[in-house]
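Shown next, in structure tokens, is the structure this report addresses.
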Amino acid sequence: MQNTLFEQRLENLKTVLDSNSQAVLLTNEKNIGYFCGFFHSEGYLLVTENETVFFFVDFRYYEAALKKSSGCRVVCFTKLFKDLISELKNNSVVNVFFEASDITVENIIVLKGFLEK
């Protein structure tokens, strides 16, 4: 029953996306936990309109995330922004919605720089 709850939450979130070229990037620990069931401070949840939702975590949280998260593919990143941009490009995403109150200006600049390459 828990899996259904998180999967439904993710499906509801996907309704804000107008096309396959858009994605939502969640960086707030509480919001990530709400949508996938795993709470920790070192991860990003990338929601695209296609079937796959990516949960980027570092090696310290990988196994726990595999066990406790739901509705997403857990990715153990080596370089967060490089791996994130790779998935954005693989999914042809050009517009990213993000949590303005949680992500730093520096990270937005880095993300934008990678997307423009």
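Laboratory data are not the source of any read-out in this text; all were calculated from the coordinates shown. These figures come from a predicted structure and were not determined experimentally. Ideal geometry is used to build each Cβ from the backbone, glycine not excepted, and the neighbour counts take in all protein chains shown.
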Item to check | Per-residue [θ]222 nm for the chain (sum of -39500 (n - 2.57) over DSSP H runs n ≥ 4, rounded to 500) | outcome: -13000 deg cm²/dmol
Next on the checklist: If I model a spin label at Ser92 and Lys30 as a point 7 Å from the Cα along the Cα→Cβ vector, what separation in nanometres do I get?
Outcome noted: 3.7
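Extension gain Lys68-Asp18, at 0.36 nm per residue separation less the Cα-Cα distance, in nm? Mind showing how you got there, number by number?
Details: separation 50, 0.36 × 50 = 18.00 nm, distance 2.97 nm.
Stretched out fully, the Lys68 to Asp18 stretch lengthens by 15.0 nm.
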Checklist entry - Say R0 is 25 Å: what FRET efficiency, to the nearest 0.05, do Asn50 and Val105 get from their beta-carbon distance? => result 0.30
Checklist outcome for this item: Close lysine pairs (the chain; alpha-carbon distance under 22 Å; 8 or more apart or on separate chains) counted at 13
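Could you tell me the calculated FRET efficiency between Lys79 and Ser41, based on Cβ-Cβ distance and R0 = 25 angstrom, to the nearest 0.05?
Details: r = 18 Å, r/R0 = 0.73.
It comes out at approximately 0.85.
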Checklist entry - Where both residues lie in the chain, what percent of DSSP beta bridges are antiparallel, nearest 5? => result 55
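Between Arg60 and Phe114, what length in nm is gained on full extension when 0.36 nm per residue of separation is reduced by their alpha carbon distance?
Working: separation 54, 0.36 × 54 = 19.44 nm, distance 2.53 nm.
Computed gain between Arg60 and Phe114 is 16.9 nm.
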